[in-house]
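Below: the structure, in structure tokens.
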Amino acid sequence: MTSKRKHWRDRLGTPTAIVLFRTVDQWRFALYFTEPQGVADGYLTHPGADGEPAEAQAAARLKAEEFTGHPLTVSWHPSEKPDWWEGVITADTEEWPATPVVG
């Protein structure tokens, strides 16, 4: 029997922003979606909390790509809060594959 339910990834909106911040133990991130709105969050296993921001930004972008199943471009900007960065996601969603790429 074939289910008519969509895969959870197919119900995601368009990713528009990502926030990255350092805690005492690790780097954490939140990925924001529109149409429909939503938030997905998580943490990075590498680099550790003492890792460089550029390394954490690259790892967070890869996590976001894994989550969405699509390539993303992120423009990072420091936040007013210490050890926080905000990323604007730009991607031509029309060029995304019809079926997400799962690596």
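Coordinate-derived values only; no laboratory data. The structure displayed is predicted, hence computed values, not measured ones. All Cβ positions, even for glycine, are placed from backbone atoms using ideal geometry, and neighbour counts span all protein chains on display.
Ranking W27, W85 by Cβ neighbours within 10 Å, fewest first, what do you get?
On the way: W27 26, W85 22.
The fewest-first ordering by Cβ neighbours comes to W85, W27.
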- In what order do D50, D41 fall by count of nearby beta-carbon atoms within 10 Å, going from fewest to most? D50, D41
- The set of residues whose placed amide H lies less than 5 Å from the amide H of S79, leaving out same-chain residues fewer than 5 positions away, is W84, W85, E86
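Determine, for each peptide in 73-80, 19-26, 57-64, the mean count of other beta carbons within 10 angstrom over its residues, then list the peptides with the highest first. Display every interim value, and only then the final one.
Details: 73-80: 12.1, 19-26: 15.0, 57-64: 18.6.
Answer by packing, highest mean first, reads 57-64, 19-26, 73-80.
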- Item | Furthest towards positive pole of dipole, P36, H46, P15, structure part the stretch 12-55, Cβ charges | P36
